[in-house]
1. Quick check: anything in the stretch 158-172 out of contact with any Lys or Arg (no Cβ under 8 Å at 6 or more places or on another chain), modelled with pLDDT of 90 or more and either closer than 21 Å to Ile113 by Cβ or small (Gly, Ala, Ser) (or both)?
2. Inspect all residues belonging to the stretch 395-418 and state whether any of them is in a loop (DSSP other than H, G, I, E, B), assigned by TED's automatic domain parsing to the domain that holds Lys361, out of contact with any Ser or Thr (no Cβ under 6 Å at 6 or more places or on another chain) and loosely packed, with under 14 Cβ neighbours inside 10 Å.
3. So for the stretch 314-328 (the condition being at positive phi and part of a loop (DSSP other than H, G, I, E, B)), does at least one residue qualify?
4. Here's a check for you: in the stretch 252-273, which residue that is among the aliphatic types (A, V, I, L, M) and under 21 Å from the mean Cα position of the chain (by Cα) is farthest from Ala323 (Cα to Cα)?
5. Which of the residues spanning the stretch 287-303 are small (Gly, Ala, Ser) and either at positive phi or assigned to a strand (DSSP E or B) (or both)?
6. Of everything in the stretch 170-229, what is among the charged types (D, E, K, R) and assigned to a strand (DSSP E or B)? Give them in sequence order.
7. Is it the case that Gly208 is on the phi > 0 side of the Ramachandran plot, assigned by TED's automatic domain parsing to the domain that holds Ser116 and crowded, with 21+ Cβ neighbours inside 10 Å?
8. Which of the residues spanning the stretch 243-263 are surrounded by fewer than 18 Cβ atoms within 10 Å (Cβ to Cβ), hydrophobic (A, V, I, L, M, F, W, C) and under 17 Å from Tyr313 (Cα atoms)?
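The values are calculated or read from the model by the stated rules, or taken from the named source; none is laboratory data. As the structure is a computational prediction, the values presented were derived from the model and not from experiment. Cβ placement follows ideal geometry from the backbone for every residue including glycine, while neighbour counts extend to all protein chains displayed.
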Amino acid sequence: EYAVVLFLGLLFYLGVLGILGIFLPTGLGLKDLMQGKDLSLARRAPGPFPWYMVPPKGDASGGMRPSVAVLAETRNVVKSRGTGVISWQHAQVGMRLVPRDAVQTAGRSGASIRFSPKDWLEMSENSLVIIRKLEQDPVRLAKRSSLLVIDGEFHGVLGGAEEKTFDIELGKSGAKARIVSGGDKKGPAEFQVTVNPDKSTTLAMFKGTAEVAAKGVTVRVDTNRSTTVSESGTPSPPEVLPTSPVLSSPAEDAVFYYRSLPPKVSLAWNALEEADGYRVVVARDPEFRDVLIKRGVSHPSFVHGNLKEGVYYWKVSGKKKWAEGLASKVAQFKVVKDLVPPDLRLETASHGESSDRCRLKGVTEPGASVFVSGNPIPLNEAGEFECDVRLARGINVIVVEAVDSAGNVAFRSMRSNRIF
């Protein structure tokens, strides 16, 4: 009897849970709602393209609404703000973005927004963007995305087999840029949008074309060209972008050794006649997701003396006013902490006890510096060296010193007795 009662009680409990699940909606708890969390963002789970979201309760639009994009990646501090929400929230990777959603990155942070598998926008640090509407392109009979760039820097690609357009509102100037890709025939569009310190906005086209319209003026920006829209909304005539610099030093896969204090790493590249400045970027990864240094310089060189042990990647781009050209090829170098003295082995070849000289031979770590009785001795590529040592009458002590590139020192000494 007890088993039957227990079984019936369990069935009743499960039935009540089922009824509650049907008639009562699920969502955020009271604590989350009081903290200002957006219920609509919580319901945007990742999914295949195209993305759709269920409209929030009270939305009169009806049916499933297509989302414009998805937040594909975040690095460090990235926040989002949903439609009609005042407070910013921690952005979740995979969340779907609908019109009027905003995404913001903090210092040394970044985010990737994907509008389709081959259309994406990379946000740099301290950037803010607002997603705009998803509308029908009457010419190409396809969906066209748009967004409003408020602040920061953005690098985008518009790809795929078919021709596409992508609309961007440039800052608060009211200017609108339409990016056009060429599909399989003419290739993808690649561009960069930068909001400058004087509140102007620069659009650089690395591939593809764009049209920028403001105050009745339309400017066509072709490949390897740029235009800058002033804060008042006037676009400048297109200008040619600087060419990509060629990195000269250090050599690829160079290694900088140090013992206690980090070494000075000197970076250099060729000077560009058409550029009035350069931007150096150093990161911990070849995709430049984890950027450590992003510095503007006026000369084709840069020195940094506070890099910890690790592998680093760097690139340089030329700048002309606000416009920035394509970056150079990516190069790699290492910083290694070395506390081990170099290996040092010696041998002598006698000239006889009556001679005032002896032949000293040895081998040490390649690239080290060798001193015999305080005098520098050259090495070959294998670290081998030899020299004649002048001897005094009686017992001579020959001291040999090897110093590696990190500053570690190895000493060896030999005795030679000469009678002459």
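1. Checked against the condition, which is being out of contact with any Lys or Arg (no Cβ under 8 Å at 6 or more places or on another chain), modelled with pLDDT of 90 or more and either closer than 21 Å to Ile113 by Cβ or small (Gly, Ala, Ser) (or both), the stretch 158-172 yields no hits at all.
2. No, every residue in the stretch 395-418 fails to be in a loop (DSSP other than H, G, I, E, B), assigned by TED's automatic domain parsing to the domain that holds Lys361, out of contact with any Ser or Thr (no Cβ under 6 Å at 6 or more places or on another chain) and loosely packed, with under 14 Cβ neighbours inside 10 Å.
3. So far as the stretch 314-328 goes, yes, one or more of its residues are at positive phi and part of a loop (DSSP other than H, G, I, E, B).
4. Of everything passing the filter in the stretch 252-273, Ala254 is farthest from Ala323 (Cα to Cα).
5. The answer is Gly296, Ser301.
6. Of everything in the stretch 170-229, those that are among the charged types (D, E, K, R) and assigned to a strand (DSSP E or B) turn out to be Lys176, Arg178, Glu190, Lys207, Glu211, Arg220, Arg225.
7. yes
8. Listed by number, the residues that qualify are Val246, Ala251, Ala254, Val255.
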